[in-house]
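Undergrad: One structure is given below, represented as structure tokens, and several questions about it will come after.
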Amino acid sequence: DGLPAHDAAVMRGHDQAYGAVAAVVGVARPIDLARSVLEDGRHCLLVGPGALRFARRVGHPIVDPSVFWTDRSRSAWRARKAHIEAHGWDDARQPWNPGEASPAVESPATTGNTVGAVVRTADGRTAAATSTGGLMMRYAGRVGDTSVAGAGTYARDDLGAMSATGHGETMMRTVFAFAALTELAGAPDATAGLRAQLDRATGLTGGRGGAIAILADGRVIHARNTRAMGTAWQTEGGPLHTAFLPD
Ligand code: ASP
């Protein structure tokens with residue numbers, strides 16, 4: 001339908017508090033609304049018209065969804081739509097299909113919209129947050145991994161915090177963030193371990209993905225088998241490290 005929509009989630013590792021919104025249209029700052037859901041505390045995940053009503057109730061701005069289009073994303077979407085109109089719908093060519101012809105995980109024009117953050121305080125408290133515009137050409141009503149606890153976003157102080165990106169169906173099917181954090185606790189080479197977890201998960205589906213994490217012992221790790229992923233990390237008082245990780 002050409003409407004940009006967002007999934008977003010935030011989790012606090014100390015008490016496993018969780019707040020998320022999914023498939024929301026016109027929410028100005030989806031991650032802030034997810035945080036309001038967490039702070040409200042009654043529910044974990046709001047969707048659809050109820051999420052917008054909650055947004056209005058907590059004073060969260062609702063905007064015209066067209067503000068989320070960029071020239072690049074709009075022209076990529078138009079090109080896809082024109083292709084479908086001319087040649088028909090072909091599942092294998094859609095971004096949510098993780099097979100060979102999977103432009104959403106291959107083309108910079110249709111990726112790069114997911115932002116994740118993880119943090120650990122000096123006294124060991126953790127949190128994770130993820131926000132995304134999801135995959136282009138997905139079915140209306142599709143929800144990805146981002147707002148599913150344990151799949152795209154997870155924090156538990158004794159394990160660490162993780163935020164994932166990439167093919168959401170892969171991350172959901174493997175409960176990626178929770179499973180990976182569990183496997184990585186105490187692993188001697190956590191970066192290699194995370195990459196192995198990604199390869200194992202995406203090997204099941206043909207999708208691709210990436211993740212950032214801070215472990216309970218303070219190690220900062222990131223890995224991906226997508227074509228590119230930008231990361232930045234910093235310890236208090238230390239230098240800011242950044243890396244754009246293209247092939
Ligand atoms: N994981 C997101 C989703 O499947 C998309 C992404 O991270 O690029 O909705």
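Undergrad: State whether the residues of segment 11-20 include one that is among the hydroxyl-bearing types (Ser, Thr, Tyr) and farther than 21 Å from Asp145 by Cβ. Steps first, please.
TA: Applying the first criterion (among the hydroxyl-bearing types (Ser, Thr, Tyr)) to segment 11-20 yields 18.
Narrowing further to those that are farther than 21 Å from Asp145 by Cβ: none.
No, there is no match, as no residue in segment 11-20 is among the hydroxyl-bearing types (Ser, Thr, Tyr) and farther than 21 Å from Asp145 by Cβ.
Undergrad: May I ask you to list the residues in segment 209-236 that are farther than 21 Å from Gly160 by Cβ and open to solvent by 70 Å² or more (accessible area, probe 1.4 Å)?
TA: Selection gives Arg227 alone.
Undergrad: Take Pro49 and decide whether it is more than 17 Å from the chain's Cα centre (by Cα) and open to solvent by 30 Å² or more (accessible area, probe 1.4 Å). Even if it seems obvious, please write down each step before you answer.
TA: On the way: more than 17 Å from the chain's Cα centre (by Cα): yes; open to solvent by 30 Å² or more (accessible area, probe 1.4 Å): yes.
Considered against the rule, which asks whether it is more than 17 Å from the chain's Cα centre (by Cα) and open to solvent by 30 Å² or more (accessible area, probe 1.4 Å), Pro49 comes out as yes.
Undergrad: Looking only at helices (runs of 4 or more DSSP H) that fall completely inside segment 1-99, which ones have 2 or more residues that are free of Cβ contacts under 8 Å to residues at least 12 places away in the same chain? Can you show your working first?
TA: On the way: elements: 30-40, 48-57, 71-87.
Correct list: 48-57, 71-87.
Undergrad: Could you check Leu204 against (1) more than 18 Å from Ser131 (Cα to Cα); (2) in contact (Cβ under 8 Å) with a residue 12 or more places away in the chain; (3) among the aliphatic types (A, V, I, L, M); (4) touching a strand residue (DSSP E or B) at 6+ places or on another chain (Cβ under 9 Å) and say which number it fails?
TA: Leu204 satisfies every listed condition except (4).
Undergrad: What do you reckon, is Ala185 more than 16 Å from the ligand (Cβ to nearest atom), buried (at least 19 other Cβ atoms within 10 Å of the Cβ) and over 22 Å from Ala34 (Cβ atoms)? Lay out the reasoning, then the answer.
TA: Values: more than 16 Å from the ligand (Cβ to nearest atom): yes; buried (at least 19 other Cβ atoms within 10 Å of the Cβ): no; over 22 Å from Ala34 (Cβ atoms): yes.
It is false that Ala185 is more than 16 Å from the ligand (Cβ to nearest atom), buried (at least 19 other Cβ atoms within 10 Å of the Cβ) and over 22 Å from Ala34 (Cβ atoms).
Undergrad: I'm told Met172 meets every condition in (1) open to solvent by 20 Å² or more (accessible area, probe 1.4 Å); (2) farther than 15 Å from Ala117 by Cα; (3) assigned to a loop (DSSP other than H, G, I, E, B); (4) not basic (Lys, Arg) except one. Can you identify the failing condition by its number?
TA: (3)
Undergrad: How many residues does segment 118-127 contain that are open to solvent by less than 20 Å² (accessible area, probe 1.4 Å) and either of a type in the set (Lys, Arg) or within 14 Å of the ligand (Cβ to nearest atom) (or both)? Show your work before the answer.
TA: Taking segment 118-127 and keeping what is open to solvent by less than 20 Å² (accessible area, probe 1.4 Å), we get 124, 126.
Okay, now just the ones that are also either of a type in the set (Lys, Arg) or within 14 Å of the ligand (Cβ to nearest atom) (or both), so none.
Result for segment 118-127: 0.
Undergrad: Tell me the residue from Arg138, Arg156, Arg173 that is of a type in the set (D, E, K, R), modelled with pLDDT under 95 and more than 7 Å from the ligand (Cβ to nearest atom), please. Give the derivation first.
TA: Values: Arg156 fails: modelled with pLDDT under 95; Arg173 fails: modelled with pLDDT under 95.
On inspection, the qualifying residue turns out to be Arg138.
Undergrad: Have a look at Ala22, Ala8 and point out the one that is more than 12 Å from Ala129 (Cβ to Cβ), open to solvent by less than 10 Å² (accessible area, probe 1.4 Å) and either hydroxyl-bearing (Ser, Thr, Tyr) or touching a strand residue (DSSP E or B) at 6+ places or on another chain (Cβ under 6 Å) (or both). Let's see the steps before the verdict.
TA: Working: Ala8 fails: more than 12 Å from Ala129 (Cβ to Cβ).
One residue alone meets the criteria, Ala22.
Undergrad: For Gly150, only one of the following conditions fails: (1) of a type outside the set (Asp, Glu); (2) within 8 Å of the ligand (Cβ to nearest atom); (3) modelled with pLDDT of 95 or more. What is its number?
TA: Result: Gly150 fails condition (2) only.
Undergrad: Could I ask something else about it? Which of the residues spanning segment 188-198 are open to solvent by 60 Å² or more (accessible area, probe 1.4 Å) and closer than 15 Å to Thr165 by Cβ?
TA: Residues of segment 188-198 that are open to solvent by 60 Å² or more (accessible area, probe 1.4 Å), as a first pass: 188-189, 191, 195.
Arg195 - this is the single residue of segment 188-198 that is open to solvent by 60 Å² or more (accessible area, probe 1.4 Å) and closer than 15 Å to Thr165 by Cβ.
One line per residue, one yes/no per condition, for (1) at pLDDT 95 or above; (2) farther than 21 Å from Ala164 by Cβ:
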{"residue": "His6", "(1), (2)": "yes, no"}
{"residue": "Arg12", "(1), (2)": "yes, no"}
{"residue": "Ala22", "(1), (2)": "yes, no"}
{"residue": "Arg42", "(1), (2)": "yes, yes"}
{"residue": "Leu45", "(1), (2)": "yes, no"}
{"residue": "Val58", "(1), (2)": "yes, yes"}
{"residue": "Arg80", "(1), (2)": "no, yes"}
{"residue": "Arg93", "(1), (2)": "no, yes"}
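The values are calculated or read from the model by the stated rules, or taken from the named source; none is laboratory data. Since the structure is predicted, the reported quantities are computational estimates derived from the model, not experimental observations. Heads up, the Cβs are rebuilt from the backbone with ideal geometry, glycines too, and the neighbour counts pull from every protein chain shown. These area figures cover heavy atoms from the full protein model, side chains too; ligands, DNA and RNA do not enter into them. Shrake-Rupley method; radii C 1.70, N 1.55, O 1.52, S 1.80 Å.
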